[in-house]
Amino acid sequence: MDLEKLSNGKPLEASQYNSLALAYMGDAVFELLVRRKMMEQGNLHVKNLHQQTISLVCAHAQSEDMAVLEPHLTEEEFDVYKRGRNVAGRIPKNADMTEYRRATGFEALFGWLYLKGEFDRIDALFSLIFP
């Protein structure tokens, strides 16, 4: 997917955002990628698309995805992930704390890469999760 078309072509200074703001952006970026992947499966009923998407963007799934990505991250990417993972925040009552924190780090990583304009890297990491 060409995420660059969604930006104005100018990367933002990713380092000026806190980890929760990065996770906020990364949540949207990752969900858009997943939705695009679901649409590539063909003309499915919207309810099915939604259910499949939700199962892939939940904290549990993102935590598992992070385990796949971890060995492939650069040192800088891993530092962004750790900062996102270690942010103190309110954990939803239906979420496992460890999974939720790993998912927040995962989302922060995707948000950071997006704001830096690293669209090819986002695609490369996404393809490790969904070959």
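Whether any residue in segment 39-50 is modelled with pLDDT of 90 or more and assigned to a helix (DSSP H, G or I) is what I want to check.
As a first pass, look at segment 39-50 and keep what is modelled with pLDDT of 90 or more: none.
Taking every residue of segment 39-50 in turn, none turns out to be modelled with pLDDT of 90 or more and assigned to a helix (DSSP H, G or I).
What about Met66, is it surrounded by 16 or more Cβ atoms within 10 Å (Cβ to Cβ) and of a type in the set (A, V, I, L, M, F, W, C)?
So Met66 fits the description; yes.
Suppose we filter segment 84-103 for residues that are surrounded by fewer than 15 Cβ atoms within 10 Å (Cβ to Cβ) and either closer than 21 Å to Asn18 by Cβ or of a type in the set (Lys, Arg) (or both); how many remain? Outline the logic, then answer.
Of all residues in segment 84-103, those surrounded by fewer than 15 Cβ atoms within 10 Å (Cβ to Cβ) come to 86, 88-90, 92-94, 96-98.
Checking the rest, the ones that are also either closer than 21 Å to Asn18 by Cβ or of a type in the set (Lys, Arg) (or both) come to 86, 88-90, 92-93, 97.
So the count comes out to 7.
Of the candidates Glu99, Glu77, the single residue that is outside any loop (DSSP other than H, G, I, E, B) and over 13 Å from the mean Cα position of the chain (by Cα) is Glu99. Given the criterion of a type in the set (Val, Ile, Thr), touching a residue at least 60 places away in the same chain (Cβ under 8 Å) and either more than 21 Å from Glu31 (Cβ to Cβ) or not in a helix (DSSP H, G or I) (or both), identify the matching residue among Val87, Val68. Exactly one residue qualifies, and that residue is Val87.
Among the residues making up segment 1-20, those that are modelled with pLDDT of 90 or more and either hydroxyl-bearing (Ser, Thr, Tyr) or surrounded by fewer than 15 Cβ atoms within 10 Å (Cβ to Cβ) (or both) are Tyr17, Asn18, Ser19. Scanning segment 69-83 for residues that are among the β-branched types (Val, Ile, Thr) and either loosely packed, with under 14 Cβ neighbours inside 10 Å or more than 19 Å from Tyr114 (Cβ to Cβ) (or both) yields one hit, Thr74.
For segment 27-43, check the following and say yes or no: at least one residue is without any contact (Cβ under 8 Å) to a residue 24 or more places away in the chain, within 21 Å of Tyr114 (Cα to Cα), of a type outside the set (A, V, I, L, M, F, W, C) and open to solvent by 60 Å² or more (accessible area, probe 1.4 Å). Looking for residues that are without any contact (Cβ under 8 Å) to a residue 24 or more places away in the chain, within 21 Å of Tyr114 (Cα to Cα), of a type outside the set (A, V, I, L, M, F, W, C) and open to solvent by 60 Å² or more (accessible area, probe 1.4 Å), one finds at least one in segment 27-43, hence yes.
Evaluation of Ala59 against the conditions (1) closer than 24 Å to Gln16 by Cα; (2) in contact with a Pro (Cβ under 9 Å, 6 or more places away or on another chain) shows that the sole unmet condition is (1). Scan (1) assigned to a helix (DSSP H, G or I); (2) loosely packed, with under 14 Cβ neighbours inside 10 Å for the single condition Leu125 breaks and write down its number. Checking Leu125 against (1) assigned to a helix (DSSP H, G or I); (2) loosely packed, with under 14 Cβ neighbours inside 10 Å, the one that fails is (2).
The values are calculated or read from the model by the stated rules, or taken from the named source; none is laboratory data. All of these numbers come straight from a predicted model, not from anything done at the bench. Positions of Cβ are generated from backbone atoms using ideal geometry, with glycine treated the same way; all protein chains shown enter the neighbour counts. Note: accessible area is taken over every heavy atom of the protein model, side chains too, but ligands, DNA and RNA are not part of it. Shrake-Rupley method; radii C 1.70, N 1.55, O 1.52, S 1.80 Å.
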